[in-house]
1. Which strands (runs of 3 or more DSSP E) does segment 37-107 wholly contain that include 3 or more residues that are modelled with pLDDT of 95 or more and under 22 Å from the mean Cα position of the chain (by Cα)?
2. Among the residues of segment 158-174, how many are in contact (Cβ under 8 Å) with a residue 60 or more places away in the chain and either among the charged types (D, E, K, R) or out of contact with any strand residue (DSSP E or B) (no Cβ under 8 Å at 6 or more places or on another chain) (or both)?
3. Of all residues in segment 37-63, how many are loosely packed, with under 12 Cβ neighbours inside 10 Å and among the β-branched types (Val, Ile, Thr)?
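The values are calculated or read from the model by the stated rules, or taken from the named source; none is laboratory data. Since the structure is predicted, the reported quantities are computational estimates derived from the model, not experimental observations. Cβ placement follows ideal geometry from the backbone for every residue including glycine, while neighbour counts extend to all protein chains displayed.
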Amino acid sequence: MAGDRRVPTRLAFAIGLLAACTLARAEVSESEERETYPVRQSGSQSLLEAVNAATPILIEGKRFHGYTAWDMGWRYRYQRQTDGRCALAQIQTRLSVKITLPELVEADEAARALFDKYLPALTLHEEGHRDIVREVVRKLDAGLQEIPQQASCEALKEEIDRVGQAMVAEARRQGSRYDAATRHGCTQGACLPSRP
């Protein structure tokens, strides 16, 4: 019969079964927050001195003017099969980012002009950190989605944790390489001279 688009009953049942076993996909949930700290420059103080004095960002004894904090996480539901094997039923991957930057609230004209060039470069550098971890979280989500059935739910949990922790370590490595390649943003213009 020409034009008949009915699916045979057995095939329709098999397609329905396949759809029921497919992992429920969810997009990566992202949130981003911006935070600033006030900088006051006055007198003979350079802008670098003023920002160094104001920054709350201290890592391993070093002061930084900008920082991108991130947290990636994953939640999941699994389904125990009748044979005891265990499969993922749902994955939810999330990323939260907080970028901290300086805000110049008091300065002379020369310092303000210098800051107006510096802040966009520093922002670009910190957004680069955000973009790195965002890409890693997408890989994490895809990697979690591909985890096959495991012999037990304990084995499934261990595999999920292994994949997740590997991606957290990867994000840290890539962030460190990015800082090394850009000299913490200096090659992008995010460095202040000791004197204007």
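1. Answer list for segment 37-107: 67-80, 86-106.
2. Total meeting the criteria: 0.
3. Adding up the residues that qualify gives 1.
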